[in-house]
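Enquirer: After the structure tokens below, expect a handful of questions from me.
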Amino acid sequence: MQILYVRYLAAHPVDEIRCVAQTRRRSRCAQRLLSAESQTGVWSLVPATAEQGQLALPAEVMALYDLTTLPYAEQLRWRMQRCPAHAAAPSAADLAMADWEPFDPLVHHAHIHSRLPTHVRRPGPGPGQHARHRARP
Ligand SMILES: [Zn+2]
């Protein structure tokens with residue numbers, strides 16, 4: 001995934017990433033980050049290049065769930081790994097650590113997929129979300 005121009009490896013599929021906040025019952029919030037109301041990112045194929053100082057993997061593309069087009073606050077919510085309700089309640093403690101891992105194409109090579117997901121599950125009704133290819137130089 002790409003949040004605020006940084007690529008991360010999520011510990012779970014996009015639609016299964018759970019909020020890390022603690023509920024009033026002192027258990028971990030069961031809400032997913034991707035809710036029926038929230039805006040969705042865009043799947044696109046991007047070059048699987050590494051950060052500076054590392055070797056690029058030539059001619060390899062990978063599927064990326066890109067949140068860059070979302071408002072800043074919404075991207076922050078994803079990075080904090082909180083559902084919309086808990087993003088609006090910053091006093092709630094985090095029960096779990098956000099489990100983003102900075103993405104490294106060499107270390108996380110097994111997670112590189114050269115094709116877009118054939119279907120994107122989305123909870124609840126909403127406008128259709130179509131993955132689109134984006135050409136980059
Ligand atoms: Zn929550």
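The values are calculated or read from the model by the stated rules, or taken from the named source; none is laboratory data. Computed from a prediction, not measured in an experiment: that's the story for all the values here. Cβ sites come from the backbone with ideal geometry, for glycine too, and all protein chains shown count toward neighbours.
Enquirer: Scan (1) touching a residue at least 60 places away in the same chain (Cβ under 8 Å); (2) more than 16 Å from the ligand (Cβ to nearest atom) for the single condition residue 70 breaks and write down its number.
Expert: Among (1) touching a residue at least 60 places away in the same chain (Cβ under 8 Å); (2) more than 16 Å from the ligand (Cβ to nearest atom), the lone unmet condition for residue 70 is (1).
Enquirer: Just give me the residues in the range 99-119 being in a loop (DSSP other than H, G, I, E, B) and under 12 Å from the mean Cα position of the chain (by Cα), in sequence order.
Expert: 99, 100, 103
Enquirer: Do you know which residues across the range 75-113 are surrounded by fewer than 16 Cβ atoms within 10 Å (Cβ to Cβ), touching a strand residue (DSSP E or B) at 6+ places or on another chain (Cβ under 7 Å) and acidic (Asp, Glu)?
Expert: Within the range 75-113, 101 is the sole residue that qualifies.
Enquirer: Further question: Could you tell me how many of the residues in the range 44-74 are surrounded by fewer than 16 Cβ atoms within 10 Å (Cβ to Cβ) and either under 30 Å from residue 88 (Cα atoms) or at pLDDT 95 or above (or both)?
Expert: Counting residues in the range 44-74 that are surrounded by fewer than 16 Cβ atoms within 10 Å (Cβ to Cβ) and either under 30 Å from residue 88 (Cα atoms) or at pLDDT 95 or above (or both) gives 5.
Enquirer: Restricting attention to the range 1-43, which residues are farther than 19 Å from residue 91 by Cα, polar (S, T, N, Q) and within 13 Å of the ligand (Cβ to nearest atom)?
Expert: 35, 38
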